[in-house]
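Some notes on the structure that comes next.
Derivation of every value follows stated rules applied to the coordinates shown; laboratory data play no part. Owing to the predicted nature of the structure, the values given are computational and were not obtained by experimental measurement. Cβ atoms come from the backbone with ideal geometry, glycine included; neighbour counts cover every protein chain shown.
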Amino acid sequence: MAIRAVLRMGDPRLLEPARPVARCDTPELHELIADMRDTMAALNGAGLAAPQIGVGLQLVIFGVDHNPRYPEAEPVPYTVLINPILTPIGEETEDGWEGCLSLPGMRGLVPRYRNLRYRGLDPHGDAIDRAVSGFHSRVVQHECDHLTGILYPMRIRDLRDFGFVEELFPGQDVADD
Ligand code: NI
């Protein structure tokens, strides 16, 4: 297990589409997932996608305990999601502030589908199929965007709603992702 370097916006590898994971439950995959989990924990992230550490695979992890640094966020169970398929439920969207470990210290207001079904595989190759809403839905959409080379600033509708967290939310202790 190891903490890996997280690529920052501007690195062209963050713009490349990721390829599907061919086989689950291999030692290499479990090692990669352990590194991602260590990296996310060390940086207090809510999620991390494999391309963010330079691995072009369709693999994301996410999870949020109840955390005072995410005061409005409901807890999201720690999840490893492989080869995800996202299907919005309905058309309703809502705006919310997002950060990303690839843009440390910044925040943007991003519209996301409020209700979402997501499917994929867990590290053992077993199916995941969930219907979620709110912050959980947002986190999954953010992380899976990384698998198609999309970073959240590309989805901000008004770039006035984008900036450094210390300027946007002075005096608040907020997480990087
Ligand atoms: Ni991100």
Go through region 79-87 residue by residue and turn each phi into a ³J(HN,Hα) via Karplus (6.51, -1.76, 1.60, θ = phi - 60°); whole Hz please, and just put x for glycine and proline.
-> 9, 10, 10, 10, 6, x, 10, 10, 10
Fewest-first ordering of D25, D95 by Cβ atoms within 10 Å yields D25, D95
Relative to the longest principal axis of the chain, what angle (0 to 90°, nearest 10) does the C-alpha long axis of helix 27-42 take?
-> 20 degrees
Give me the log10 of I(q) over I(0) for region 24-68 at q = 0.20, 0.25, 0.32 Å⁻¹, as the Debye formula computes it from C-alpha points; what are the numbers?
-> -0.62, -0.90, -1.25
Could you work out the mean projected area of the convex hull around the alpha carbons of region 13-168, in square nanometres to one decimal?
-> 8.8 nm²
Which of the GluC sites (Glu not before Pro) found in region 1-90 are loop residues per DSSP with 16 or fewer other Cβ atoms within 10 Å of their Cβ?
-> E72
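What are the trypsin sites (Lys or Arg not before Pro) within region 91-177 that DSSP puts in a loop, where the Cβ has at most 15 other Cβ atoms within 10 Å?
The qualifying sites are R157.
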Quick one: Cα centre-to-centre distance for region 137-152 and region 3-36, in angstrom?
-> 14 Å
Nearest 0.05, what FRET efficiency do T26 and D65 give at R0 = 25 Å with Cβ-Cβ as r?
-> 0.30
Any residue on another chain or 5+ positions along whose placed amide H is under 5 Å from the amide H of L57 is listed here as R19
Quote the FRET efficiency, to the nearest 0.05, computed for A42 versus S133 with a Förster distance R0 of 22 Å and r equal to the Cβ-Cβ distance.
-> 0.15
Counting other Cβ atoms within 10 Å, which trypsin sites (Lys or Arg not before Pro) in region 6-101 have at most 15 and lie in a DSSP loop?
-> R8, R23, R69
Helix axis angle, 134-145 relative to the chain longest principal axis, alpha carbon, degrees | 60 degrees
